[in-house]
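Each remark here refers to the structure printed beneath this line.
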Amino acid sequence: MGGTAPKHKKIENTKDVVSWFEIPAINFQQSVDFYNQIFGIEMETQFNDNYAMAFFPVNKGIGGSIVAGPGSTPGEAGPLVYLNAGKDLDIVLKHIEPAGGRVVMSKTMISEDAGYFAIFIDPEGNKLALHSTH
């Protein structure tokens, strides 16, 4: 019974820890419009049964969506998801308040190598972060 931690087998073929994210919404269209506006994108939407989803466009890497339906409850508590704001998060950050969101932590340097982050609340009340290299 030495003080060594048990060895865990590494999960094979995992590049990123996060593989998918969902941002909950009650007012689905308001949430879709907000993210379309701040990122300058057009999200593809899908409706089935009691759920609505809008997908963030991705070429490769981690994807995610806005989801509305049973069990999708927005809020400031819980995990904090960092959204990629490209090379300079100021470009996305300046659109948050005009689109109906609220910046709660302005652009802050993490380190020279890691870049910058900012935290905001979307119109549905979800707390999210932005990350960029500049």
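The values are calculated or read from the model by the stated rules, or taken from the named source; none is laboratory data. What you see is a predicted model; the values in this text were computed from it and never measured. All Cβ positions, glycine included, derive from the backbone under ideal geometry; neighbour counts span all protein chains shown.
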Mind listing whichever residues of segment 67-83 are surrounded by 16 or more Cβ atoms within 10 Å (Cβ to Cβ) and of a type outside the set (V, I, T)? A68, G69, S72, P74, L83
Does D113 satisfy being modelled with pLDDT under 95, surrounded by 12 or more Cβ atoms within 10 Å (Cβ to Cβ), more than 15 Å from the chain's Cα centre (by Cα) and not β-branched (V, I, T)? no
For residues in segment 27-66 being of a type in the set (V, I, T) and at pLDDT 95 or above, which is surrounded by the most Cβ atoms within 10 Å (Cβ to Cβ)? I66
In segment 19-114, which strands (runs of 3 or more DSSP E) lie fully inside it and hold 2 or more residues that are farther than 17 Å from N126 by Cβ? 44-48, 102-111
Given (1) closer than 26 Å to F28 by Cβ; (2) under 16 Å from the mean Cα position of the chain (by Cα); (3) surrounded by fewer than 13 Cβ atoms within 10 Å (Cβ to Cβ), where does P98 come up short, assuming only one miss? (2)
Take the conditions in contact (Cβ under 8 Å) with a residue 40 or more places away in the chain, within 17 Å of S19 (Cα to Cα) and either out of contact with any His (no Cβ under 6 Å at 6 or more places or on another chain) or of a type outside the set (A, V, I, L, M, F, W, C) (or both) and apply them to L83. Does it pass? yes
Contact list please: Cβ distance under 7 Å, first residue in segment 105-134 and among the basic types (K, R), second residue part of a strand (DSSP E or B), pairs at least six apart or on different chains. K107/Y116; K107/A118; K127/I119; K127/I121
What's the number of the condition I119 fails, among (1) modelled with pLDDT under 95; (2) within 18 Å of G78 (Cα to Cα)? (1)
